[in-house]
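The block underneath contains the structure these notes are about, expressed in structure tokens.
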Amino acid sequence: MRMNEKTTLKLSRVLSTNASGHEVLNYVNITSVNPEVADADMLAIGQALGDLQSLPLHAVGRIDSSDLAE
């Protein structure tokens, strides 16, 4: 049985590019998201929030965690 379910929305933003040409990323984690939100809805929310950011959005992620018990 799952207990203490937690969901986090993770926005990865491009902060800069290093000398090697690789993107340097910056992360924004939004906690206390309802775990029942569908993946498609989470993506749409992440993209909408990304549009409000001053840095370009690199990716939208979802992190689900919970404790397991009998």
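Just so you know, all these numbers are worked out from the coordinates, no wet-lab data involved. This is a predicted model, so every value here is computed, not measured.
Observations, loosely collected:
- Within the chain, the ratio Rg/Rh, alpha carbon atoms throughout and Rh by Kirkwood, equals 1.10.
- Helix axis angle, 39-51 relative to the chain longest principal axis, alpha carbon, degrees: 30 degrees
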